[in-house]
Amino acid sequence: MASYSYRRMEENAIDIVNLIAGVVLAISPWVLGFAGAGFAWNAWIVGALVALIAIGALVSFQRWEEWVNLVLGIWAIASPWVLGFSANGGAMATHVIVGLVVAILAAIELWLAAHRPFSTV
């Protein structure tokens, strides 16, 4: 898989937003008071993975990172119903909102990567 050295400022901004979104999801169990719930692990793991992938994309962009973020975003959206915590409004809203942000930004990054010129000369 090719690494892309040419990245526009907007693409780096997308990764910074993903980093923030991952951190928000990872700390949400403590902030919103569901750290003791049996499903809090999902927020910690998904949030940490999104944040780590965003850091990796800032250092050396790879398309697979965006595919993983797309899957993580979709999982974050679906997880309140799959794991059965949709009745917890704060946890559900956080997962759905962060999941939407991450999935949409990953799709945008994949589109930008597919339409990036091979030469910038």
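List of remarks:
- Helices meeting the span-like rule in the chain (full DSSP H runs, Cα extent of at least 18 Å along the helix axis, mean Kyte-Doolittle score of 1.6 or higher): 40-59, 89-114.
- Across the alpha-carbon set of region 40-99, the Rg to Rh ratio works out to 1.03, Rh being the Kirkwood radius.
- Simple label model, 7 Å out from Cα along Cβ direction - I20 to A87, nm: 3.5 nm
- In the chain, the ratio of gyration radius to Kirkwood radius, Rg to Rh, stands at 1.04 when only Cα atoms are counted.
- Between V24, V82, V102, the Gaussian network model of the chain with springs among Cα atoms under 10 angstrom shows the greatest mean-square fluctuation at V82.
- The gain in end-to-end length when the I74 to I104 segment is fully stretched comes to 9.9 nm, 0.36 nm per residue minus the alpha carbon separation.
Where a number appears in this text, it was derived from the coordinates with a stated rule and is not lab data. Source: prediction; values computed, not measured. FYI the Cβ positions are ideal-geometry reconstructions off the backbone, even for glycines, and counts take in every protein chain you see.
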